[in-house]
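Report on the following structure.
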Amino acid sequence: YLGYNYWISDINAALGTSQLKKINKFIKTRNFIAKTYDRHLKNLPIHLPKIKKNNVSSFHLYVIKLKKLNSKYYDKIFKNLIRNNIDVNLHYLPVHLHPFFQNKGFKKGDFPLSEKHAQSAISLPIYYGLKKNQQIKIIKKLKKIIK
């Protein structure tokens with residue numbers, strides 16, 4: 001059966017509790033990073049994350065979505081960023097495409113919106129310790145690759 005044990009250890013609970021004391025600083029920094037991405041990437045053929053007015057995001061992730069839906073185009077951009085030591089990721093691979101669920105009879109095409117997301121979404125680095133020069137490198141490389 002698919003499943004995991006999500007019990008948290010005492011040491012991880014203590015670490016989490018100590019991190020909560022810094023949460024406002026973390027969120028403020030991540031929002032600053034997100035606004036920098038927004039300013040510099042707004043003219044590219046991508047969809048940027050949208051946060052509703054009067055809401056605040058923790059920006060756990062900063063996911064851009066390519067407007068051009070083409071797997072070769074996606075792979076070119078994704079792999080080029082990785083080759084340039086930019087730690088991008090896909091959040092998340094559609095669950096029905098995992099081997100466990102394919103063995104249960106699920107197949108490509110069963111959930112087209114999930115698959116469309118996976119073919120267009122790229123999570124850019126966004127974390128508390130991301131330095132301005134690192135972010136500028138990411139932005140420049142992305143602008144060079146996406147035209």
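A few remarks follow.
- Distance from the Cα centroid of the range 101-128 to that of the range 16-56 is 23 Å (rounded to whole angstrom).
- Normalising by residue count, the chain has a Cα convex hull of 159 Å³ per residue.
- Taking trypsin sites (Lys or Arg not before Pro) across the range 1-74, the ones in a DSSP loop with at most 14 further Cβ atoms lying within 10 angstrom of their Cβ are 21, 22, 42, 50, 52, 53, 67, 68.
- Evaluated with a Cβ-only charge set (Lys, Arg +1; Asp, Glu -1), the range 1-86 carries a dipole of roughly 580 debye about its Cα centre, given to the nearest 20.
- Longest exposed-site-free window of the chain, the sites being chymotrypsin sites (Phe, Trp or Tyr not before Pro) in a DSSP loop that have at most 15 other C-beta atoms within 10 Å: 8-91
- The chain - accessible surface per residue (Å², probe 1.4 Å): 73 Å²
- Contour excess over end-to-end distance, with Cα ends at residue 144 and residue 116 and 0.36 nm allotted per residue: 7.7 nm
- Carbon + sulfur, % of accessible area of the range 21-135 - ligands and nucleic acids excluded, 1.4 Å: 55 percent
- On full extension, the segment bounded by residue 89 and residue 35 gains 17.5 nm, given 0.36 nm per residue less the C-alpha separation.
- Structure remark: mean-square fluctuation, Gaussian network model of the chain, C-alpha springs under 10 Å; the largest value among 66, 48, 113 belongs to 113.
- Using the Cβ-Cβ distance between residue 6 and residue 68 with R0 set to 35 Å, the FRET efficiency works out to roughly 0.40.
- Considering only 55, 24, 85, the Gaussian network model of the chain with Cα springs below 10 Å gives its largest mean-square fluctuation to 55.
- Student exercise, the chain dipole from Lys, Arg, Asp, Glu Cβ charges, in Debye to nearest 20: 1000 debye
The values are calculated or read from the model by the stated rules, or taken from the named source; none is laboratory data. Quick caveat: nothing in here was measured; it's all calculated off a predicted structure. Virtual Cβ from ideal backbone geometry, glycine too; neighbours counted across all protein chains shown. Protein only, heavy atoms only, side chains kept; ligands, DNA and RNA dropped before computing areas. Shrake-Rupley method; radii C 1.70, N 1.55, O 1.52, S 1.80 Å.
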